[in-house]
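Single-structure report; data block below.
The values are calculated or read from the model by the stated rules, or taken from the named source; none is laboratory data. Because the structure is a prediction, the values reported are computed rather than measured. Glycine gets a Cβ as well: all are built from the backbone with ideal geometry, and neighbour counts include every protein chain shown. The area values use the complete protein model at the heavy-atom level, side chains included, leaving out ligands, DNA and RNA. Shrake-Rupley method; radii C 1.70, N 1.55, O 1.52, S 1.80 Å.
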Amino acid sequence: MSVMSGCSAPTSTVPVLFQAACPECKARFELSAGALRLAIGASRRTTFYSFICPECDAAVRKPAGERIVELLTRGGVRTLRLHSTS
């Protein structure tokens, strides 16, 4: 997986960093948990993470499968749970 390849183990003294890449400018970088947002919806289509590219300021939104959701939530990324309107 090229966008999120992992995170360091969460501890009280070491900040968690996530490896990411921008699809617009192709830059690769590390982001802290505070730089990411995770939205969990009722389907794969409505579950995604997002961030602003630190290189080109593009708003990036990528789908998040189960493993990515687990990594991000364990790493302290702020999560929004989306509710269906049905």
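The table for this structure:
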item: Any hit, region 74-86, residues being within 14 Å of PHE18 (Cβ to Cβ), open to solvent by less than 90 Å² (accessible area, probe 1.4 Å) and charged (D, E, K, R); result: no
item: Unmet requirement for HIS83, which otherwise passes all of (1) of a type outside the set (S, T, N, Q); (2) part of a loop (DSSP other than H, G, I, E, B); (3) modelled with pLDDT of 95 or more; result: (3)
item: Region 14-46, residues that are among the small types (Gly, Ala, Ser) and either open to solvent by 60 Å² or more (accessible area, probe 1.4 Å) or touching a residue at least 24 places away in the same chain (Cβ under 8 Å) (or both); result: ALA20, ALA27, ALA33, GLY34, ALA39, GLY41, ALA42
item: Total residues in region 15-49, condition under 13 Å from LEU82 (Cβ atoms), of a type in the set (S, T, N, Q) and modelled with pLDDT of 95 or more; result: 1
